[in-house]
Structures are given as structure tokens and as C-alpha cells.
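The structure appears below as C-alpha cells.
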Amino acid sequence: MRSPRTSLCFVVWNEKQGCEFDLPKFDFAGFDEVFAIDGGSRDGTVEVLQKYGVTVHPQTRRSLCAVYWQAIETSTCDNIVVFFPKGTLDPSIVHRMRELLLEGNELVVPSRMIQGSRNEEDSHVFRPRKWGVKTLALIAAAFWRKQGPVVWDVLHGVKGFARRAFLDMEPSRTGVSIDLEMVVRAYRLRSRMCEFPVIETSRPWGASRFKILPTGISLVKYLCREFRRPRPLRRHPEITPAEDFLSVVSDE
């Protein structure tokens, strides 16, 4: 039996400064393929990525959820590690995610919420994003967790996951709920998950594109849909990565 293969996927949109800051620190050893999905950068982001040998694919459908589906469609590997080069995290964490996936975990979350970690808001008295993430984590665990650890950083886009597990989760193809959805669906499927602490620093430049109020409303709407989801989730039969995407399309 062959060893599982792992892709590294960068998600970018006008992140030239972040790429210039992060890419020199990356060691791609151990990854079987490296590519990026670009949301339409016009600031030189694509050229920086290409300078470091990263193949760049234009994002074909708008929305955060669509990016992860495109990563699945693009990757030829069993596992995928997603990283946003913004200058806020140590790039070496991608190797920790890869190792934990190879150990059999199906969803790996670098956590900014657990002991030993740091969130960019931790130096502030008012921490709306952190409090909101922890509230969502408690709701998700209270209603859907049946076994295994509680996942606290339910809104971290940086993560590693098994292709097969992602397709079993069948997350939305549009919207911004992908991070929370993957944790909830992993609970429902009793997937093997883990978190490890990371240190997040404030963005040296730019600002988050996900505003608190509209994002919060979208996530509440997603939770309402999930509560109404009647049928139990099912595991797809084991097939090769090349067949995965076609199998899910045929199911819909």
C-alpha cells in the first residue's frame, strides 16, 4: 500500500506583502505538490508565488467555501494543508499539520484558542472575535459532539484535512461557513480531529475581509440549516483521489 500523499495549498487575494514575508520561510520538503488559489490579485501576489515555484490557479467561483472545493478539485493527493500567507503565523506549522494527518487525523486545526496559543486579540481588553469563536465552539460541541476532543478554533481557515473526510462532510459550495461546517460535520461523522496551539500575531498590513456582523449573521443562518438537516451523514466508499470529485458530483 502506498503512503498517503499531501498537498500544500495557499489561498491568496492581494497578499503580495504577506507572500513576500512568508514564502522565504517555507520548506516545501515533504509535500507532494504545492499550489495556490488566487482570488484575482492585482498587486503582484501571483508573481511572488511564481518566483518561489508555486503554481497559481485563478479562483473559478467566488466565496470562501468555493476555495476549499477548488482545492479538492485541484489536488491529486490524499491530504490537503491550507495556508493563508498573511504574515501572522509561523509557516513551519504546515509540517506539523502534515505529520498529524499522516498519523491518521482527518481534520487538523492549528488553534489560537487553547492553552499555549495566542490570538491577535489577546493583548486587548475587548476581544469580540475570540469570544465569538469560543461561543460557536461551545454550541457546536454541545449539539453535535459525540466523542473525541472539543475543537475550540472553529473559524480558523488554516487547517489540514483528509480528502476523503472532506467529501464525506459535503460542506456548502458557497458562503463563508466552511470552517465551522467542517468541524460540525466532523463531529457528526465522528471523524478523528485534533488541535495544536499556535501563536498568532496581528496583521502587519491590511485588514480582515470578514466583518464581524455580516459574517456572524451568515454563520447563524448556517447553524439553523444544520439543525434542520434531517438525514444522517454517511461515509463514502474508499476510492482513489482521482475518482473522489466525480463521485461526489454524481451523488448530487
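Derivation of every value follows stated rules applied to the coordinates shown; laboratory data play no part. The model shown is predicted, which means the values in this text are computed figures rather than measured ones. Virtual Cβ from ideal backbone geometry, glycine too; neighbours counted across all protein chains shown.
Please report how many Lys pairs in the range 6-244 have alpha carbons closer than 21 angstrom, counting only residues at least 8 apart along the chain or sitting on separate chains.
The result is 19.
Provide the per-residue ³J(HN,Hα) series for the range 8-22, in order, calculated from phi with Karplus coefficients 6.51, -1.76, 1.60 and θ = phi - 60°, each as a whole number of Hz, with x at glycine and proline positions.
Once rounded to whole Hz, the list reads 10, 10, 8, 10, 9, 6, 6, 10, 4, 5, x, 5, 5, 7, 8.
At Leu138 and Arg203, where each label point lies 7 Å from the Cα along Cα→Cβ, what is the point-to-point distance in nanometres?
Here the answer is 2.8 nm between the modelled labels.
What does the charge count around Ser202 come to, taking other residues whose C-beta lies under 14 Å from its C-beta (Lys +1, Arg +1, Asp -1, Glu -1)?
Numbers: positive: Lys86, Arg112, Arg118, Arg127, Arg129, Lys130, Arg203; negative: Glu120, Glu121, Asp122, Glu200.
So the environment of Ser202 carries a net charge of +3.
Pairs of Cα atoms under 8 Å, at least six residues apart: use those to get the relative contact order of the chain, whole percent.
Normalised by residue count, the contact order of the chain is 22 percent.
Can you work out the Karplus-derived ³J(HN,Hα) for every residue in the range 26-35? Use 6.51 cos²θ - 1.76 cosθ + 1.60 with θ = phi - 60°, whole Hz, and x for glycine or proline.
With coefficients 6.51, -1.76 and 1.60, one gets 7, 10, 7, 4, x, 9, 7, 7, 10, 8 Hz.
For Asp43 and Phe126, calculate 0.36 nm times their separation in residues minus their Cα-Cα distance, and state this gained length in nm to one decimal. Mind showing how you got there, number by number?
On the way: separation 83, 0.36 × 83 = 29.88 nm, distance 3.29 nm.
That works out to 26.6 nm of additional length.
What's the extension gain from Trp13 to Glu103 if we count 0.36 nm per residue and subtract their Cα-Cα distance? Write out the running numbers ahead of the final one.
On the way: separation 90, 0.36 × 90 = 32.40 nm, distance 3.18 nm.
Between Trp13 and Glu103, full extension yields an extra 29.2 nm.
If amide H atoms are built 1.01 Å from N in the plane of the peptide, which residues on other chains or at least 5 residues away come under 5 Å of the amide H of Ala36?
Amide H to amide H, under 5 Å and 5 or more residues apart or across chains, Ala36 pairs with Phe10, Thr55, Val56, His57.
Amide H of Tyr52: which non-local residues (sequence gap of 5 or more, or other chain) have their own amide H closer than 5 Å, using H built in the peptide plane?
For Tyr52, no residues qualify.
Tell me which of Val67, Ser117, Val184 sits at the most positive position along the dipole axis of the chain, charges placed on C-beta atoms (Lys, Arg +1; Asp, Glu -1).
Val184
Between Tyr52 and Ile217, what length in nm is gained on full extension when 0.36 nm per residue of separation is reduced by their alpha carbon distance? Let's see the in-between values first.
Values: separation 165, 0.36 × 165 = 59.40 nm, distance 3.83 nm.
This chain segment gains 55.6 nm when fully extended.
Across the range 157-165, in residue order, what do the Karplus-derived ³J(HN,Hα) couplings come to in whole Hz, using 6.51 cos²θ - 1.76 cosθ + 1.60 with θ = phi - 60° and x for Gly and Pro?
Going residue by residue, I get x, 6, 6, x, 7, 7, 3, 4, 5 Hz, with x marking Gly and Pro.
Stokes-Einstein at 4 °C, 1.567 mPa s, Kirkwood radius from Cα pairs: D for the chain in µm² s⁻¹? Write out the running numbers ahead of the final one.
Details: Rh = 18.5 Å.
Using the Kirkwood radius from Cα pairs, D works out to 70 µm²/s.
Write out the trypsin sites (Lys or Arg not before Pro) in the range 104-162 meeting two conditions: DSSP loop, and at most 13 other Cβ atoms within 10 Å of their Cβ.
Passing sites in the range 104-162 are Lys146.
About the Cα centre of the chain, what is the dipole size in debye to 20, counting +1 per Lys and Arg Cβ and -1 per Asp and Glu Cβ, all else neutral? The partial results should precede the final answer.
Numbers: 37 positive and 31 negative charges, 216 e Å.
For this selection, approximately 1040 debye.
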